[in-house]
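The values are calculated or read from the model by the stated rules, or taken from the named source; none is laboratory data. Since this is a predicted model, take the numbers as computed values, not measurements. FYI the Cβ positions are ideal-geometry reconstructions off the backbone, even for glycines, and counts take in every protein chain you see.
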Amino acid sequence: MTSLQTRIFPLLFVVLWSTGFIGARLGLPHIEPMTFLFIRYVLVIACMTAIAVLTRAPWPSSGTAWLHIGVSGLLIHGIYLGGVFMAISMGLPAGVTSLVVSVQPLLTAVGAGWLLGTQVSRSQWLGLTVGFIGVGLVVAAKAGTEFGLMSLVPAIAALLAITAGTLYQKRFCPAFDWRTGAVAQFLPTAAVTLLLALATETGHIDWTGELFFALGWLVLVLSIGAISLLNWLIRHNSSVNVSSLFYLVPPCTVLFAWMLFGDTFSGIAIPGMALTVWGVYLARK
C-alpha cells in the first residue's frame, strides 16, 4: 500500500459513492426500485465474471469463504441499496435519506468496540460527533420537505445493513480478490432482489435515455469502481476510519445536485460542510 493510494483512494471513493444518489434520481422515475437494482446487479455479475475469467482471478477457496463474502454483499449492497432506493421511491428526499444513513459511522464505532475489540479514541469520538453535526447542517434545509413516516423505514433498514455489513466483512472476510469477490457478493444480492421485485412490483420499465445512462453509470462507476475501492479500504483500514468517509457523501451529493440539477442549498450548508470535513479528519487521525 503506497502513500499515494492511502491519500487518493478514500477521496476517490467518496466522490464516486456520492454519485449513487444522482443515479437513483435519474433512473427511478422510469423504473421501480427493485427491478432497477436487479438489472444493475445482473449487469455487474456479467461484467465482473468476464473480467475474472479473462484475468484468471482466483475464486474463493472454500464454501465458507463464499458464504461470508455473500453475506457481506447481501448486507452492503442488497439491503443497503434496496433500502435507499425504496426510501427515495417512497418520497423520502435524497438529503434526508443520506442523513439517516450517515449515522452509520457512529453505529460502526460502537460495534467496532463491541464486536471487533477495536479501541476508539477520544479524538475519533469527537470527530464522529462533529461530523454528524456537520452532515445535519448540510441537509437541514432539505429536511423540511414533507414526507411520509413510513418512507423512513427502508432508510433505517439501509443504515443498519451498511453498518452490519462493514463490521461483518472486516471480521469474517476482510481480504478477497476484488473481481471474483464482486461476483460472490452480487449473486445472493441479485437473487434476493429478484424475489422482492417479483413479490412487490409490476416490472414496468420506460426505456429512456436517462435510464440507460443511470444504469451504465451505476454499474460501471458505482458497482465496479466504488465497490472495489470500498473493499480495498475495508482491507487496509479500520472499520471506524472507513465508516467516517460516509460523512463526506451528503455534502458531495449536495454539490453534485447543485451542479447537475440546479438544486439550491442554504448558507448553513457551507459551515456544515466545513464541520463535516473537520470531523472526518479527526476521526481518521
Report summary line: Picked from region 58-86 (must be buried (at least 16 other Cβ atoms within 10 Å of the Cβ) and among the small types (Gly, Ala, Ser)), the residue farthest from Val100 (Cα to Cα) is Ala65
Query raised in the report: Cβ-Cβ below 8 Å, separation at least six or inter-chain, first residue in region 13-41 and in contact (Cβ under 8 Å) with a residue 60 or more places away in the chain, second of a type in the set (Ser, Thr, Tyr) and outside any helix (DSSP H, G or I): which pairs?
Result: His30/Thr208; Glu32/Thr202
Query - In region 42-57, residue surrounded by the fewest Cβ atoms within 10 Å (Cβ to Cβ) [restricted to those that are more than 16 Å from Thr189 (Cβ to Cβ) and in contact (Cβ under 8 Å) with a residue 24 or more places away in the chain] - result: Thr55
**Report entry** Residues satisfying the stated conditions in region 1-53, i.e. basic (Lys, Arg) and closer than 15 Å to Val221 by Cα
**Finding:** Arg40
**Report entry** Positions within region 163-192 being modelled with pLDDT under 90 and closer than 13 Å to Ile79 by Cβ, in sequence order
**Finding:** Thr163, Thr166
Report task. Among the residues of region 7-36, write down those that are touching a Gly at 6+ places or on another chain (Cβ under 6 Å) and crowded, with 22+ Cβ neighbours inside 10 Å. Result -> Phe36
Requested in this report: Report yes if some residue within region 125-133 is crowded, with 22+ Cβ neighbours inside 10 Å, modelled with pLDDT of 75 or more, within 23 Å of Leu222 (Cα to Cα) and not charged (D, E, K, R); otherwise report no.
Outcome: no
